[in-house]
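First comes the structure, then the notes that go with it.
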Amino acid sequence: MKTLCLYYTRTNSTKEVMESIAKVIGADVAEYTDGKDRSGFLGYVGACFATVNKTLPKVSVKGKINLKEYDRVIIGMPVWAEGPCAIGRALIRKYKDSMPAEVYYVVTHMSGKNDYMAKIKAMDSLLGRQSSGQVSIRTKDNDYVKESVSFAETLI
Ligand SMILES: Cc1cc2nc3c(=O)[nH]c(=O)nc-3n(C[C@H](O)[C@H](O)[C@H](O)COP(=O)(O)O)c2cc1C
């Protein structure tokens, strides 16, 4: 099964998570972005605004990636302001018709209080069908690489 792991990242945690998953299952990895520099405090503030803005940002996948070549796509994205970030939601909406039958969501977050599963599953309305699986991984005070590997092992 040919799998593509896609990620958006601001501070590299989601990148690390998706690269760990890809290593276990032998997947390709690619980054997607809206092209905005979101480093530092101003980048953090911009991320908050992007999340509450009703208009989703314009996104693209870096490199020469043809989604139609894959049997499975795993989409990694961080939580911003209590839900999957706008960049990830924009990716799903833009590419939903090119996505293969199997689509998984991997969402990273900092808080230990909430796993955001209801909001993660709600992204199926953007996909237009049911995703094949979802996981919510906490990145603060947690061995998130180990958790990523455990999730990946369920996909083999
Ligand atoms: C603007 C912004 C809002 C965030 N809001 C939340 C939140 O509501 N809950 C949470 O648990 N983490 C929140 N986070 C933390 C990130 O989801 C978490 O650190 C994530 O793992 C970062 O992934 P990255 O390193 O790939 O960018 C927020 C981060 C940013 C930048």
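Among Thr51, Thr11, Thr139, the largest mean-square fluctuation in a Gaussian network model of the chain (Cα springs under 10 Å) belongs to Thr11.
Highest GNM mean-square fluctuation among Ala47, Ala90, Ala81, for the chain modelled with Cα contacts below 10 Å: Ala81. The residue among Tyr70, Tyr144, Asn53 whose Cα reaches farthest toward the positive pole of the charge dipole of the stretch 3-153, with charges on the beta-carbon of Lys, Arg, Asp and Glu, is Asn53. Among Asp141, Asp115, Asp124, the largest mean-square fluctuation in a Gaussian network model of the chain (Cα springs under 10 Å) belongs to Asp141.
Among the trypsin sites (Lys or Arg not before Pro) in the stretch 47-93, which ones are in a DSSP loop with at most 16 other Cβ atoms within 10 Å of the Cβ? Mind listing them? Don't skip to the end; give the middle numbers.
Working: sites: Lys54, Lys58, Lys62, Lys64, Lys68, Arg72, Arg89, Arg93; in loops: Lys54, Lys58, Lys62, Lys64.
Loop-located and lightly packed - Lys54, Lys58, Lys62, Lys64.
The P(r) of the stretch 3-153 has a tail past 28 Å containing 11 percent of all C-alpha pairs.
Can you give the % of DSSP beta bridges in the stretch 1-153 that are antiparallel, to the nearest 5? Display every interim value, and only then the final one.
Working: 4 of 26 bridges.
Taking every DSSP beta bridge within the stretch 1-153, about 15 percent pair in antiparallel fashion.
If you rank Val107, Val149 by fewest surrounding Cβ atoms within 10 Å, what's the result? Mind dumping the intermediate values first?
Working: Val107 25, Val149 15.
Ascending Cβ contact count within 10 Å gives the list Val149, Val107.
Distance from the C-alpha centroid of the stretch 9-35 to that of the stretch 84-156: 12 Å, rounded to the whole angstrom.
Cα-Cα over 29 Å: which of Lys62/Lys113; Lys54/Lys121; Lys2/Lys113; Lys96/Lys140; Lys68/Lys140? Let's see the in-between values first.
On the way: Lys62/Lys113 33 Å; Lys54/Lys121 19 Å; Lys2/Lys113 35 Å; Lys96/Lys140 31 Å; Lys68/Lys140 35 Å.
Violating the 29 Å Cα-Cα cut-off are Lys62/Lys113; Lys2/Lys113; Lys96/Lys140; Lys68/Lys140.
In a reduced charge model with +1 at each Lys and Arg Cβ and -1 at each Asp and Glu Cβ, the chain shows a dipole moment near 520 debye about its Cα centre.
None of the figures in this text is laboratory data; all of them are computed from the coordinates on show. Given the structure is predicted, the values throughout are model-derived calculations rather than measurements. Glycine also receives a Cβ, built like all others from the backbone with ideal geometry; neighbour counts cover every protein chain displayed.
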